[in-house]
Amino acid sequence: MRYWLLKSEPSSWSWQDQQARGDSGEGWDGVRNHQASKNMKAMAIGDLAFFYHSISEKQIVGIVEIIKLYHPDPTDRSGRFGMVTVKAVKSLVQYVTLTDIKADERLRDMALVRQARLSVTPVSQLQWEIILEKGATRL
């Protein structure tokens with residue numbers, strides 16, 4: 001299993017929106033960056049990802065599971081980009097802010113910090129465990 005972080009602007013697609021989709025999940029569409037697309041192509045069914053509210057909130061709020069592999073994104077007229085489908089698994093008990101992440105020396109190499117503009121990034125197992133601990137969350 002691999003771990004990821006998916007960014008979303010809460011005004012466009014929030015954690016509450018994701019939870020409302022239930023077990024059917026929702027396609028993670030609209031990604032138009034080649035590196036982010038490459039990351040989604042590397043995902044496997046059952047992989048887990050942190051759901052990150054970007055822009056104004058800048059915090060990890062939940063966990064999603066990949067339930068459908070990379071497939072065409074119907075919002076991309078060019079046909080060059082795809083998406084995965086994810087379903088909500090669990091809310092973090094305590095949201096973990098970007099400030100909290102940057103303050104922790106153990107997370108200094110996290111892609112969220114190093115590649116701040118990238119919307120889909122890998123998360124190492126150690127980083128995953130540290131964030132879960134900060135979020136007072138167990139799976």
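Residues of the range 4-66: accessible area per residue at 1.4 Å, in Å²?
Ligands and nucleic acids excluded, the result is 43 Å² per residue.
Kirkwood Rh, Cα Rg: Rg to Rh for the range 1-48? Provide the component values of the computation, followed by the final result.
Details: Rg = 11.6 Å, Rh = 12.1 Å.
Rg/Rh for the range 1-48 comes to 0.96.
Give me a comma-separated list of calculated 3J(HN,Hα) values for the range 95-111, in order, Karplus coefficients 6.51, -1.76, 1.60 applied at θ = phi - 60°, integers in Hz, x for any Gly or Pro.
5, 10, 7, 4, 4, 4, 5, 5, 7, 9, 4, 5, 10, 4, 9, 5, 4
Which trypsin sites (Lys or Arg not before Pro) in the range 86-125 pass both tests, a DSSP loop state and at most 16 other beta-carbon atoms within 10 Å?
Working: sites: 87, 90, 102, 106, 108, 114, 117; in loops: 108, 117.
For trypsin sites (Lys or Arg not before Pro) across the range 86-125 that sit outside H, G, I, E and B with at most 16 neighbouring Cβ atoms in 10 Å, the list reads 108, 117.
Quick one: angle between helix 125-134 and the longest Cα principal axis of the chain, in degrees between 0 and 90, rounded to 10, please.
It is inclined by approximately 60 degrees.
Using a 1.4 Å probe on the protein chains only, how many percent of the accessible area of the chain belongs to carbon and sulfur?
Of the solvent-accessible surface of the chain, carbon and sulfur hold 47 percent.
Using alpha carbons only, what's the Rg to Rh ratio of the range 95-136 with Rh from Kirkwood? Each step should come with its number before you reach the end.
Numbers: Rg = 9.6 Å, Rh = 10.5 Å.
When Rh is taken as the Kirkwood radius, the ratio is 0.92.
Once you wrap a convex hull around the alpha carbon atoms of the chain, what is its projected area averaged over all directions, in nm²?
Dividing the Cα hull surface by four gives the mean projection, 7.6 nm².
Considering Cα pairs under 8 angstrom that are at least six residues apart, work out the relative contact order of the range 20-139 and quote it in whole percent.
The value is 27 percent.
Within the chain, what percent of beta bridges assigned by DSSP are antiparallel, to the nearest 5?
80 percent
Once ligands and nucleic acids are excluded and a 1.4 Å probe is used, how much of residue 67 is accessible, expressed in Å² to the nearest 10?
For residue 67, the solvent-accessible surface is approximately 60 Å².
Can you pull the one-decimal nm distance between simple spin-label points at residue 113 and residue 126, each 7 Å off the Cα toward Cβ?
1.2 nm
What translational diffusion coefficient, to the nearest whole µm²/s, does the range 1-82 have by Stokes-Einstein, given a Kirkwood radius computed over alpha-carbon pairs, a temperature of 37 °C and 0.692 mPa s viscosity?
Result for D is 248 µm²/s.
Along its three principal axes, how long is the range 70-139 when you only count alpha carbons? Whole Å, largest extent first please.
41, 26, 19
Would you rank 75, 99 by solvent-accessible area, highest first, keeping every protein chain in place and using a 1.4 Å probe?
Heavy-atom accessible area, descending, gives 99, 75.
Using a 1.4 Å probe and counting only protein heavy atoms, arrange 71, 34, 53 so the residue with the most accessible area comes first.
34, 71, 53
The values are calculated or read from the model by the stated rules, or taken from the named source; none is laboratory data. What you see is a predicted model; the values in this text were computed from it and never measured. Ideal geometry is used to build each Cβ from the backbone, glycine not excepted, and the neighbour counts take in all protein chains shown. To get the accessible areas, we keep the full protein, side chains included, count just its heavy atoms, and leave off ligands, DNA and RNA. Shrake-Rupley method; radii C 1.70, N 1.55, O 1.52, S 1.80 Å.
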